[in-house]
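Below is one structure, written out as structure tokens; comments come after it.
The values are calculated or read from the model by the stated rules, or taken from the named source; none is laboratory data. Computed from a predicted model, the values in this text were never measured in an experiment. Positions of Cβ are generated from backbone atoms using ideal geometry, with glycine treated the same way; all protein chains shown enter the neighbour counts. When the accessible area is computed, the model is the full protein with side chains, heavy atoms only, and any ligands, DNA or RNA have been set aside. Shrake-Rupley method; radii C 1.70, N 1.55, O 1.52, S 1.80 Å.
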Amino acid sequence: MARTDPTRYLWWLVSRASGIVALTLISLSVLIGLAMATKVLRRPGLKRTVLRLHEHAALIALAAIVLHGLALLGDQWLRPGLRDIAVPFAISYRPQFTGLGIIAGYLAMLLGPSFYLRRRIGARTWRKFHRATAVVWILAVIHTLGAGSDGSK
């Protein structure tokens, strides 16, 4: 059995791994956010800890999204350009699904840090705005299922 040199696929591996990390952390952050919104977590002292976990999961997910997109630039199979990873539906590989992923990434970058604007825009407005993070999760799942893995191509 011939061995494959993993360094030939390093950027593919980095991109897919960071995408998995991003989706996992977004899922965790959304679940924690829903738990906080429904006041499931009522134990004293738990709110602050859970809020920090929610915030850190979201921020690390944003970094993983950036890494996911940038690592694609080194992918020797896909060979995308900057336009392909920055403009929704511009890439030739499964454009609908990759486009939804790009939109999800932009929405995540817009909505994730909105917590830091909460005092300026008001809690009520922020809550309405922040609820759209569920859309990010839905689009990310559709992107994951539709764009899938190009490993078998």
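At-a-glance table
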quantity	calculated
Residue check for residue 46: aliphatic (A, V, I, L, M) and surrounded by 13 or more Cβ atoms within 10 Å (Cβ to Cβ)	no
Contacts under 6 angstrom Cβ, first residue in the range 111-133 being at pLDDT below 90, partner surrounded by 13 or more Cβ atoms within 10 Å (Cβ to Cβ) and of a type in the set (Val, Ile, Thr), 6 or more apart	none
Failed item, numbered, when residue 114 is tested on (1) of a type in the set (Ser, Thr, Tyr); (2) open to solvent by 40 Å² or more (accessible area, probe 1.4 Å); (3) more than 21 Å from residue 16 (Cβ to Cβ)	(2)
Failed item, numbered, when residue 97 is tested on (1) in contact with a Leu (Cβ under 9 Å, 6 or more places away or on another chain); (2) at pLDDT below 95; (3) not basic (Lys, Arg)	(2)
From 73, 78, 62, residue being among the aliphatic types (A, V, I, L, M), in contact (Cβ under 8 Å) with a residue 40 or more places away in the chain, open to solvent by less than 40 Å² (accessible area, probe 1.4 Å) and more than 22 Å from residue 111 (Cβ to Cβ)	78
Any hit, the range 49-58, residues being part of a helix (DSSP H, G or I), in contact with a Ser or Thr (Cβ under 6 Å, 6 or more places away or on another chain) and within 15 Å of residue 104 (Cα to Cα)	yes
The range 48-107, residues that are within 29 Å of residue 6 (Cα to Cα) and among the hydroxyl-bearing types (Ser, Thr, Tyr)	92, 93, 98
Any pair with Cβ under 7 angstrom, 6 or more apart, that starts in the range 37-50 at a residue that is within 17 Å of residue 130 (Cβ to Cβ) and ends at one that is open to solvent by 60 Å² or more (accessible area, probe 1.4 Å)	47/41; 50/41
Selection count, the range 6-43, where residues are over 18 Å from the mean Cα position of the chain (by Cα) and either among the aromatic types (Phe, Trp, Tyr) or open to solvent by 40 Å² or more (accessible area, probe 1.4 Å) (or both)	13
Top-ranked residue in the range 135-153 [being surrounded by 13 or more Cβ atoms within 10 Å (Cβ to Cβ) and among the small types (Gly, Ala, Ser); ranked as nearest to the chain's Cα centre (by Cα)]	140
Residues within the range 81-92 that are surrounded by 15 or more Cβ atoms within 10 Å (Cβ to Cβ) and either in contact with a Phe, Trp or Tyr (Cβ under 9 Å, 6 or more places away or on another chain) or within 21 Å of residue 21 (Cα to Cα) (or both), tallied	3
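Let's see how each residue does on (1) within 23 Å of residue 145 (Cβ to Cβ); (2) hydroxyl-bearing (Ser, Thr, Tyr); (3) in contact with a helix residue (DSSP H, G or I) (Cβ under 7 Å, 6 or more places away or on another chain):
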| site | (1), (2), (3) |
| --- | --- |
| 4 | no, yes, no |
| 29 | yes, yes, yes |
| 42 | no, no, no |
| 53 | no, no, yes |
| 58 | yes, no, yes |
| 77 | yes, no, yes |
| 93 | yes, yes, no |
